[in-house]
Amino acid sequence: MGDLLVDVVREAFTPTTAAFALAAVGLNFHFGLTGLLNMGQAGFMLLGMYGFAITVREGGPIWLAVIVALAVSMVFGLILGWPTLKLRGDYLAIVTIAAAEMVRYLGRSQNFNSLTGASTGIRGNEFKGPFEDLSPFPDRMVDVGPFAFHGTRSTSWWLILVAWVIVAIFILIFARLSRSPWGRVLKGIREDEDAVRSLGKDVYSYKMQALVIGGAVGAIAGVIWSLGASVQPDSMGRPTTFWIWTLLLLGGAATIFGPVLGSILFWCALVLIKGLAAMWIPDTVLSQEQLQPFSLLLVGVTLMLLVIFRPQGVLGDKRELAFND
């Protein structure tokens, strides 16, 4: 039981948890502030992953790779928002989930094998080197209390430090922007865009800005994810977007720390339930391969109950929900 608790706490600050928290911060710009039903955040993450990994693989420096990742995601946001943001939210939801799937299928297409690696993706050793070379930590396993991570490689202390510093920066940016006049206009659009339009504000422009900014944050989340794993298109499928929505609503949409709390609770709960199931359910009932989907099922049921009895999330205010009419 002690080892399980260590694993649960360990999961709270892994790069995966940080990447999903950051992706949810991006989605918070879309839905939390503006009320945009973007169901394709995984597509922005995948584009960021490809932009970063391909640039580094081709010999570009890290700073250029980050710029490329941001630029690709922002262009995607502009193309995606141009025909859809003048429509109501449900149309945007349909288009964004379709667009994210198009990105995934293009990435895994054999026609782009030389660029994206098709369904195999881009292996970590092709692009992680320059980032890992910047690590101040030793190139070996480093123990800090009961937690053991490598100093520099993949899921490492170096990546954990960088990932959570980036999360903290974007939380601060979100907090400042949400309280600014720009953020107040977005909240007005979320509540009643016709009223905001009657005040002379360009609602379409504000929506586009929110979509592009949130997508760019999602691209950085994708970069963090890829540095802890690899670039694999199927890892950014529909379930990924649904998980991001889940943890955003779990923590509380339109809140500053809701995405972080939601990500920590989601991934820790998954590890805890999987560990308890492995301890209490014999292999004759559930095999090791079946524990993961069973754990997701229990987490899903728990989240359904949360949505029913506390739809605003742990930190949220019920009045902040755009669909709470």
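The values are calculated or read from the model by the stated rules, or taken from the named source; none is laboratory data. A quick note: this is a predicted structure, and the numbers were derived from the prediction, not measured. Neighbour counts run over all protein chains shown; Cβ positions are idealised from the backbone, glycine included.
The C-beta contact set for the range 284-304 (first residue free of Cβ contacts under 8 Å to residues at least 60 places away in the same chain and over 13 Å from residue 273 (Cα atoms), second residue of a type in the set (Val, Ile, Thr) and part of a helix (DSSP H, G or I), distance under 6 angstrom, 6+ apart or interchain) comprises 303/246. In this structure, does residue 3 turn out to be under 28 Å from residue 273 (Cβ atoms) and free of Cβ contacts under 8 Å to residues at least 60 places away in the same chain? Criteria met by residue 3. Between 100, 93, which is part of a helix (DSSP H, G or I), closer than 21 Å to residue 117 by Cβ and under 21 Å from the mean Cα position of the chain (by Cα)? Of the residues listed, the single one that is part of a helix (DSSP H, G or I), closer than 21 Å to residue 117 by Cβ and under 21 Å from the mean Cα position of the chain (by Cα) is 100. Checking 44, 76, 31, 52 one by one, the residue that is among the aromatic types (Phe, Trp, Tyr) and either farther than 22 Å from residue 233 by Cβ or surrounded by fewer than 24 Cβ atoms within 10 Å (Cβ to Cβ) (or both) is 31 and no other.
Determine, yes or no, whether residue 227 is in contact with a Leu (Cβ under 7 Å, 6 or more places away or on another chain), modelled with pLDDT of 90 or more and more than 27 Å from residue 184 (Cα to Cα). Taking the combined requirement at face value, the residue satisfies it. Residues of the range 62-94 that are more than 16 Å from residue 218 (Cα to Cα), in contact with a helix residue (DSSP H, G or I) (Cβ under 7 Å, 6 or more places away or on another chain) and at pLDDT 90 or above: 62, 64. Restricting the range 149-167 to residues that are in a helix (DSSP H, G or I) and touching a helix residue (DSSP H, G or I) at 6+ places or on another chain (Cβ under 9 Å), the residue that is farthest from residue 257 (Cα to Cα) is 158.
Going by what's in this entry, would residue 265 be described as modelled with pLDDT of 90 or more, of a type in the set (A, V, I, L, M) and surrounded by fewer than 24 Cβ atoms within 10 Å (Cβ to Cβ)? Yes; evaluated as a whole, the condition is true for this residue. Given the options 128, 187, 201, 207, name the one that is under 23 Å from the mean Cα position of the chain (by Cα), farther than 25 Å from residue 240 by Cα and surrounded by 13 or more Cβ atoms within 10 Å (Cβ to Cβ). 187 is the lone residue from the list that is under 23 Å from the mean Cα position of the chain (by Cα), farther than 25 Å from residue 240 by Cα and surrounded by 13 or more Cβ atoms within 10 Å (Cβ to Cβ).
Applying the criterion of at least 1 residues that are within 18 Å of residue 78 (Cβ to Cβ) to the helices (runs of 4 or more DSSP H) found wholly in the range 1-62 leaves 15-27, 41-57. Can you pull out every residue in the range 216-234 that is under 10 Å from the mean Cα position of the chain (by Cα) and of a type in the set (Gly, Ala, Ser)? If the condition is that a residue be under 10 Å from the mean Cα position of the chain (by Cα) and of a type in the set (Gly, Ala, Ser), then 218, 219, 221, 222 are the ones that fit. In the range 79-97, of all residues being surrounded by 13 or more Cβ atoms within 10 Å (Cβ to Cβ) and hydrophobic (A, V, I, L, M, F, W, C), the one that is farthest from residue 197 (Cα to Cα) corresponds to 97.
Checking the structure you have, find out if any residue of the range 167-179 is basic (Lys, Arg) and either farther than 28 Å from residue 39 by Cα or crowded, with 19+ Cβ neighbours inside 10 Å (or both). Within the range 167-179, not a single residue is basic (Lys, Arg) and either farther than 28 Å from residue 39 by Cα or crowded, with 19+ Cβ neighbours inside 10 Å (or both). Could you tell me whether residue 171 is at pLDDT below 90, aliphatic (A, V, I, L, M) and either in a helix (DSSP H, G or I) or touching a Phe, Trp or Tyr at 6+ places or on another chain (Cβ under 8 Å) (or both)? For residue 171, the condition - at pLDDT below 90, aliphatic (A, V, I, L, M) and either in a helix (DSSP H, G or I) or touching a Phe, Trp or Tyr at 6+ places or on another chain (Cβ under 8 Å) (or both) - is not met. One residue stands out among those in the range 127-148 that are part of a loop (DSSP other than H, G, I, E, B) and of a type in the set (Phe, Trp, Tyr): the one that is nearest to residue 63 (Cα to Cα), which is 127. Restricting attention to the range 8-52, the residues that are in contact with a Lys or Arg (Cβ under 9 Å, 6 or more places away or on another chain) and farther than 28 Å from residue 185 by Cα total 1. Residues considered: 223, 185, 217. Of these, the only one that is touching a Phe, Trp or Tyr at 6+ places or on another chain (Cβ under 8 Å) and free of Cβ contacts under 8 Å to residues at least 24 places away in the same chain is 185. Take the conditions at pLDDT below 90 and crowded, with 16+ Cβ neighbours inside 10 Å and apply them to residue 135. Does it pass? No; evaluated as a whole, the condition is false for this residue.
Across the range 190-214, the number of residues qualifying as without any contact (Cβ under 8 Å) to a residue 24 or more places away in the chain and among the aliphatic types (A, V, I, L, M) comes to 4.
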